Structure formats: structure tokens, C-alpha cells
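Report on the following structure.
The values are calculated or read from the model by the stated rules, or taken from the named source; none is laboratory data. Note that this is a predicted model, so its numbers are computed, not measured. Every residue, glycine as well, gets a Cβ built from its backbone with ideal geometry; the counts of neighbours run over all protein chains shown.
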Amino acid sequence: MDTVAKAQQSHSLELQFGADAIRKPDGKDDEAQAAGSLAQRIGALDWFDVEQGLNAYGCAMLSNLLGAEECDALTALYPREALFRSRVVMARHGFGRGEYKYFAYPLPPLIADLRTALYPCLAPVANRWNEVMGIDVRYPAMHAEFIERCHAAGQTRPTPLMLQYAIDDYNCLHQDLYGEHVFPLQVAILLSEPGADFTGGEFVMTEQRPRMQSRTEVVPLGKGDAVVFAVHHRPVQGTRGPYRVNLRHGVSRLRSGQRHTLGVIFHDAT
């Protein structure tokens, strides 16, 4: 495993949340406890149902993936510039309005744990999709192995990001492709409370099928809910066999308040 991947696994809780958060008085490691709890939560999800949603619509909800306190703790990281490798103001690039920041390695513990725990549940789906679509690429069982593949190809920059939207901000329809190696599924987690923190700002997907008009999907997320969705394309069964459809995702215009989202992308960037 290369040094960057090792750094991700040995991330410092002190760097992210302060020295007083490293250990409880009884000596138990908070980080290990939190990782165990998160892994149990993820393992308890109905992954058969998730795959059925992905196969039918290209997306599926993971309800209550994070608790309110976890969402608030992640949102509180946004002003801490030392945790991020870059900031993107969307209007400057024609991406929409609002901004987002890519986290630097080592990732904050909760984000690294999300990547590590979600990936093994999604890799079998990704492999089945590629088999159906006639794509030779197969994904290893563990995320660390896939990251090694990315880094060996020069994709060494971490891609998990946090997005911040204010009134009238939006995100144009897009795909998160960062290099040769692309994991075909990603996860977005809403960190704010609809109706209380903001209005508008719905997660939106479009699906383009050959010789057909585009289909739109709006996913009604609550605080702590996640959506797993196709990055680029997915297989659809037609009358003459399976074919690929192209997907894009974005966020509709925010009508009021402020909205934060965590994006968990499993491949790294060049």
C-alpha cells in the first residue's frame, strides 16, 4: 500500500476534532468506536433493496446513514482550510452557483470510514453492471486495493468533498470523472435539514436513453440521509438485450437558507 493510502488509514483524530477528542477517560479510542458503529450501521442496511433501486432507477436512498450530531460535526469542518486541498467557486467555471472543497489526505476519520465501509457493499454491484455492459474492468473487494490501482495510475488526489449552497445557488447536471479509473457508483449525504436549514435544493438526476427523451429523478433526502447513484452510466434491459444509459446529477436552486452536502467518491483524481 502506498504512503498516501497508509496515511488515510492512520488518520489523526486530533487533527480533525482536537486533542481532547482522542480518548475518553476510560481509555477507549473514540475513533475506533465510531468506526465500528458506522460499519455496523452500513452492514445492517438492506443491500438487496439498494441494488434493486440502482438497477431500476440508477439511484437508491440510504436512510439515516448519519446521525444529526455527525452531520453537524462534519459541517463544522467546512471553515477549516487546513483540512482541504482545494476550493472551487462554481460560477467561475460555469458549474452553477455555490462552492465546494476537496478534502486533503489524511481524510477526516468519519469520511475515511465511510469510504472504507461503503465500498465493499457496492463493489459487487459495480462488477455485475460491468459484466452486463461488456466492460472488462473488475473492482477488488476492498477499497484500499482499488485506491492502490488509482495511485499506480497517477490518480493520487483525494476526491471526497463538501458542498455549500446559499440562496439562489445550484449545481448544474454533471458527472464526477477524474481519470482513467472510475468507480461507477458514488454517495452524497445531506448534512442540513430541509425546511429548517434551507428550502429548495433538491438532489436531481437525469437519465438519457438512446432515441428517447431524458428521464428525471428527484430524491427527497432528509438530514443524515444518503443517496447512492451511478457516476456515469448503468445497464438497462431492452427488448434486444442490455444497453447503456447515461446519467448526470445536480442540485436544484436553493430558495432559502444554507445547505451542506458531503460527497463520497471512491476513485481518486489525477
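Of the residues making up the stretch 216-245, those that are out of contact with any Phe, Trp or Tyr (no Cβ under 9 Å at 6 or more places or on another chain) and either closer than 25 Å to PRO194 by Cβ or not in a strand (DSSP E or B) (or both) are THR216, GLY222, LYS223, GLY224, ASP225, ALA226, VAL228, HIS232, THR239, ARG240.
Selection of the stretch 175-215 for residues being assigned to a strand (DSSP E or B), crowded, with 17+ Cβ neighbours inside 10 Å and not charged (D, E, K, R) yields LEU185, GLN186, VAL187, ALA188, ILE189, LEU190, PRO194, PHE198, GLY200, PHE203, VAL204, MET205. Take TYR165 and decide whether it is within 15 Å of the chain's Cα centre (by Cα) and hydroxyl-bearing (Ser, Thr, Tyr). No; evaluated as a whole, the condition is false for this residue. For the stretch 58-74, which residues satisfy the criterion of being part of a loop (DSSP other than H, G, I, E, B) and small (Gly, Ala, Ser)? Within the stretch 58-74, GLY58, SER63, GLY67 qualify.
Of all the listed residues (ALA73, ALA39), the sole one being surrounded by 12 or more Cβ atoms within 10 Å (Cβ to Cβ) and modelled with pLDDT of 95 or more is ALA73. Determine if the stretch 211-225 includes at least one residue that is β-branched (Val, Ile, Thr) and closer than 19 Å to LEU177 by Cβ. Checked against the condition, which is being β-branched (Val, Ile, Thr) and closer than 19 Å to LEU177 by Cβ, the stretch 211-225 yields no hits at all. Name every residue in the stretch 88-98 that is part of a helix (DSSP H, G or I) and either closer than 16 Å to ASP176 by Cα or of a type in the set (A, V, I, L, M) (or both), in order of residue number. Once the filter is applied, which keeps residues that are part of a helix (DSSP H, G or I) and either closer than 16 Å to ASP176 by Cα or of a type in the set (A, V, I, L, M) (or both), the stretch 88-98 yields MET90, ALA91, HIS93. The set of residues in the stretch 46-91 that are basic (Lys, Arg) and without any contact (Cβ under 8 Å) to a residue 12 or more places away in the chain contains only ARG80.
Do you know which residues across the stretch 180-195 are under 24 Å from GLU207 (Cβ atoms) and either more than 13 Å from the chain's Cα centre (by Cα) or aliphatic (A, V, I, L, M) (or both)? HIS181, VAL182, LEU185, VAL187, ALA188, ILE189, LEU190, PRO194 - these are the residues of the stretch 180-195 that are under 24 Å from GLU207 (Cβ atoms) and either more than 13 Å from the chain's Cα centre (by Cα) or aliphatic (A, V, I, L, M) (or both). Exactly one condition in (1) surrounded by 14 or more Cβ atoms within 10 Å (Cβ to Cβ); (2) touching a Lys or Arg at 6+ places or on another chain (Cβ under 8 Å); (3) closer than 18 Å to HIS249 by Cβ is false for ILE167; which is it? It is condition (3) that ILE167 fails. Of all residues in the stretch 192-210, those that are in contact (Cβ under 8 Å) with a residue 60 or more places away in the chain and over 10 Å from SER256 (Cα atoms) have Cβ atoms under 9 Å from Cβ atoms of residues that are outside any strand (DSSP E or B) and among the aromatic types (Phe, Trp, Tyr), 6 or more apart or on another chain, in MET205/TYR57; GLU207/TYR57.
Results for (1) surrounded by fewer than 18 Cβ atoms within 10 Å (Cβ to Cβ); (2) in a strand (DSSP E or B), shown as yes or no for each residue.
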site	(1), (2)
ALA82	yes, no
SER86	yes, yes
TYR100	no, yes
ARG115	no, no
PRO120	yes, no
PRO124	yes, no
ASN130	yes, no
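Working only within the stretch 133-143, note down all residues that are crowded, with 17+ Cβ neighbours inside 10 Å and in a helix (DSSP H, G or I). Hit for the stretch 133-143 is HIS143, nothing else. Condition check: of a type in the set (D, E, K, R), out of contact with any Ser or Thr (no Cβ under 6 Å at 6 or more places or on another chain) and under 19 Å from ALA230 (Cα atoms). Does ARG138 satisfy that? Against the criterion (of a type in the set (D, E, K, R), out of contact with any Ser or Thr (no Cβ under 6 Å at 6 or more places or on another chain) and under 19 Å from ALA230 (Cα atoms)), ARG138 qualifies.
Among residues belonging to the stretch 218-257 that are of a type in the set (D, E, K, R) and under 18 Å from the mean Cα position of the chain (by Cα), point out the one that is nearest to ALA73 (Cα to Cα). The selected residue is LYS223.
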